[in-house]
Structure formats: structure tokens, C-alpha cells
Amino acid sequence: MATVILVTGGTGLVGKAIQHIIDTEPEGSRFGKRPNETWIFANSREADLRDPEETKKLFEKYKPTHVIHLAALVGGLFKNMKYKLTFLRDNILINDNVLHTSYKFNTQKVISCLSTCVFPDKVEYPLDENKIHSGPPHESNFGYAHAKRMVDVQNHAYQEEFGCNFTSAIPTNVFGPHDNFDLEDSHVIPGLIHKCYLAKKNGTPFVVSGTGKPLRQFIYSHDLAKLFIWQLREYDDVEPVILSVGENEEVSIKEVADAIVKAVGFTGEYSFDTTRADGQFRKPASNAKLLGLMGGFTFTPFDKALDSTVQWFLQNYNNARTGKTN
Ligand code: NAP
Ligand code: GDP
């Protein structure tokens, strides 16, 4: 039977990675394209998903049988701190339109993308799929976190009232080619790659925000893409799955900055601006459910993935999403 997979947010970091895997893995393999599949990678120019009519037109055009819903207002710590209401509202609108339109069009399956930011700030670690609603999220991103958490509530309600096959994925911090490398609004890895590149080019200091002590779990976008494809084909349950490296693979922001300095080949002055926020100290998540279901998965080593990302950035500087550079 023909399968049409609509990837909302298909032109961003994660969407481009899914497209890369679909284009490069051997056809018919576990993560490769299947002969009966058509993949559609949509962006906001094709349909602004905050708008119900534009969402409906997108579904009318492609008639997706499956949706991987990635589209979201996305940003790192500092952007989340600045625009809490906008993160809350835009993401509520996008998610409500995508889920309700999927229901109306009898879409067979929807996987929506959450984030480990949705989890409570004060909770026993490691995070697992049962702890999403056990307390308030960290205040730095409560707008984004509440909007995203609500998707899990919606998924359960759509299943219980209408029998919809809606579920969600919970990735940790993601990085890779095609990320947003803006200096201020991006996540830590692309932001620091860009800052380190400019420091090397201009002979200026490389300044990392915060103390460098917080810990994060990073997943390479190409690995995450394979996990989404697995979830699309092999997982049918409303409960979310954390898509992550192991909880013992936390990396400090200082270790991230050191690895970037090495990959960029920067030898100048390097410091921490401790007047800037650290955000949540850590949020280690367990991938036991994922690995149990998949029967194992080999993640790309962090340094190798970081090096590929830096090389991609250097080779694509003129076309990358870099925001303002002055
Ligand atoms: P990204 O690179 O910023 O891409 C966002 C995508 O969403 C783009 O294709 C963008 O299209 C689209 N989009 C944004 N607003 C839209 C709107 N109003 N209507 C339609 N499309 C819209 O983000 P990403 O990092 O790939 O994130 C993908 C998903 O992963 C998101 O749900 C995010 O919450 C989640 N996630 C990300 C991370 C991370 O570290 N990056 C971690 C955990 C979870 P345009 O380019 O046209 O605006
Ligand atoms: P978070 O996991 O949602 O907090 O996302 P981020 O990717 O924004 O990571 C934030 C952590 O990296 C915080 O501890 C920041 O203080 C630290 N950090 C250091 N430099 C930067 C930077 O240039 N951009 C961002 N976003 N964070 C930085």
C-alpha cells in the first residue's frame, strides 16, 4: 500500500537529517527508503502551521498516511528565556493544528517530537517516559516545555476518544549539519561552533556563556533520524519513547567547548562569561526503553559527530543558518 510520510519542520536540523538517511541508507534496509514510500519535507513557507487553514491545505495537497511532526518554534536557553509566551503560544497552535488535522484526515500514524526539556526540574534521575507530568519544568523554558508536554496529553485524549495512533518521541539535545548556527538564539553546540570560528578568524577571544559546569546528553542528528524511522515503522503505542544516548554519556559544557576548540583548531584566548545563565544543571535521560525495544543501536561517538558538524559548518558557512555575524 502506498505510504506518504509528511515530515513537518522537514527543512530544519532534524528534518534534514531524516532526509539524509532516507537518501543514503540502502533502499529496503532497516532505515532506508521503502519502494512504496513517498517522503515530503515541508517548511513554514509551504504552510504556516500556526494557521488552521494553511495546515488543512497542506494535508489536502499531500494526503499523508503518516506524519513525523517536527515543526516547532525552537531555540536554545537564551531564546527560550526571552520569548516564553511566544514559545508557549506558537507551539500550542502548531501542535493543535497538526494533531487535529491529522485526526480529521484519518492519518494512520503521527509521531510528534517533544524534548527532554518537558520533564520536571525537580525529579529523581534518570528521567524516564513515566515522569513527564510529575512536576513543573525548569523556569528558563516553561513556555516551550508546557506546550510540548501538552502533546502527550493530546495524544492520549485522541487515542481514547477517537482511537488515533498518535505517539511522541523525546530526544535530548540534538546537533549536526543544517543546525541553526545563530550566535544568540541557537543551541549551545551550533552557537559555540560559530563563536569559535569567528574568534579564530578575527583573532578575538572565544567566550562561552555560563560556568561551563552544566551537563547535557547530546545526540547526533543522523542517529536521531534513524531512531525516528525505527519509531515510525516498528513502534505502535501512545506512550513516548526517549531517543537518547545512555544516561552515563553526559558531557559538561566545558567539555563541549574544549571539543569545539580542538575541532575548529582555535589556539587563542578562551574564557567563561559567568554573568550569563547556566539554565538547568542537568537532565539525564534513560534510553533503556528504546534499546530494549530496538534490540541495540550503535551511536556515533560524540567527538566524531562534532567533527563532522564543524566540517559541515566550515564548508557551508555561506549558506548555513548563521543569523547576524556583526
Ligand atoms: P529547526 O532546525 O529550528 O527547524 C524547525 C523546523 O520547523 C523548520 O523546518 C521550520 O521551517 C519549521 N517551522 C517552524 N515554525 C513553523 C511554522 N509556524 N509552521 C511550519 N513550520 C514551522 O529545529 P530542529 O532542531 O530541527 O527541531 C525539530 C524538532 O526537534 C522540534 O520539534 C524541536 O522541538 C525538537 N527538539 C530539538 C532539539 C534540538 O536540540 N535542536 C532537542 C530536542 C527536541 P522554516 O525553516 O521554514 O521556519
Ligand atoms: P538547553 O539544554 O535547553 O539548556 O539548551 P542549550 O543548547 O541552549 O544549552 C544551554 C547550556 O549551554 C547552558 O548551560 C548555557 O549556559 C551553555 N552555553 C554556553 N555557551 C552557549 C551559547 O553560546 N549558546 C547557548 N544556547 N548556550 C550556551
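Label zone (ALA277, point 7 Å along Cα-to-C-beta; backbone nitrogen cut-off 20 Å) within the range 146-162: 146-150. Taking every C-alpha pair closer than 8 Å and separated by at least 6 residues, the mean separation divided by the residue count of the range 200-254 gives a relative contact order of 60 percent.
Beta bridges from DSSP with both residues in the chain: antiparallel share about 10 percent, rounded to the nearest 5. List the lysines whose Cα lies under 18 Å from the Cα of LYS131, skipping any in the same chain that are fewer than 8 positions away. Of all the lysines, those that pass the test against LYS131 - Cα under 18 Å, at least 8 places apart if same chain - are LYS122, LYS148, LYS283, LYS289. Charge dipole (Cα centre; +1 on Lys/Arg Cβ, -1 on Asp/Glu Cβ; no other charges) of the range 176-326 amounts to roughly 420 debye.
Restricting attention to the range 1-143, close to 5% of DSSP beta bridges with both partner residues there are antiparallel. Cross-link check: pairs LYS201/LYS304; LYS61/LYS226; LYS33/LYS109 evaluated at a Cα-Cα cut-off of 20 Å; pairs beyond the cut-off: LYS201/LYS304; LYS61/LYS226. Simple rule: put +1 on each Lys or Arg Cβ and -1 on each Asp or Glu Cβ in the chain, find the dipole, and look at MET150, THR309, VAL245; the Cα lying farthest toward the positive end is THR309. Taking every DSSP beta bridge that has both ends in the range 145-262, the antiparallel portion is near 25%. With a cut-off of 14 Å between beta carbons, the residues surrounding ALA71 carry a summed charge of -2, where Lys and Arg count +1 and Asp and Glu -1.
Evaluate E = 1/(1 + (r/R0)^6) for VAL153 and LYS201, where r is the Cβ-Cβ distance and R0 equals 41 Å; express this FRET efficiency to the nearest 0.05.
0.30
Scalar couplings 3J(HN,Hα) for the range 72-77, obtained by applying the Karplus form with A = 6.51, B = -1.76, C = 1.60 to θ = phi - 60°, are 6, 7, 10, x, x, 3 Hz; x denotes Gly and Pro.
Residues of the range 68-87 falling in the label zone of GLU139, defined by backbone nitrogen less than 12 Å from a point 7 Å along Cα to beta-carbon, are absent. Legend: ranking of residues THR24, THR300 from fewest to most surrounding C-beta atoms inside 10 Å; resulting order THR24, THR300.
The value of relative contact order for the range 1-97, using C-alpha pairs under 8 Å at least six residues apart, is 36 percent. 3J(HN,Hα) along the range 262-269: 5, 5, 7, x, 8, 10, x, 6 Hz, from the Karplus curve 6.51 cos²θ - 1.76 cosθ + 1.60 with θ = phi - 60°, whole Hz, x for Gly and Pro. 3J(HN,Hα) along the range 278-292: 8, x, 5, 5, 7, 8, x, 10, 8, 9, 4, 5, 4, 5, x Hz, from the Karplus curve 6.51 cos²θ - 1.76 cosθ + 1.60 with θ = phi - 60°, whole Hz, x for Gly and Pro. Compute the separation of the alpha-carbon centres of the range 46-75 and the range 289-320 and state it in Å as a whole number. So the separation of the two Cα centres works out to 27 Å.
Annotation: the residues VAL208, VAL67, sorted from fewest to most other C-beta atoms within 10 Å of their own C-beta, follow the order VAL208, VAL67.
Counted residue by residue at 0.36 nm each, then reduced by the alpha carbon distance between them, the extension gain from SER252 to VAL123 reaches 44.4 nm.
Here the extension length gained between THR211 and GLU160 equals 13.8 nm, from 0.36 nm per residue of separation less the Cα-Cα distance. Figure legend: label point modelled 7 angstrom from the Cα of ARG89 along Cα→Cβ; residues of the range 137-167 with amide N under 20 Å from it are 140-151.
We did not get these values from a lab; they are worked out from the coordinates using the rules stated. Computed from a prediction, not measured in an experiment: that's the story for all the values here. In this analysis, Cβ positions are derived from the backbone assuming ideal geometry, glycine residues included, and neighbour counts consider all displayed protein chains.
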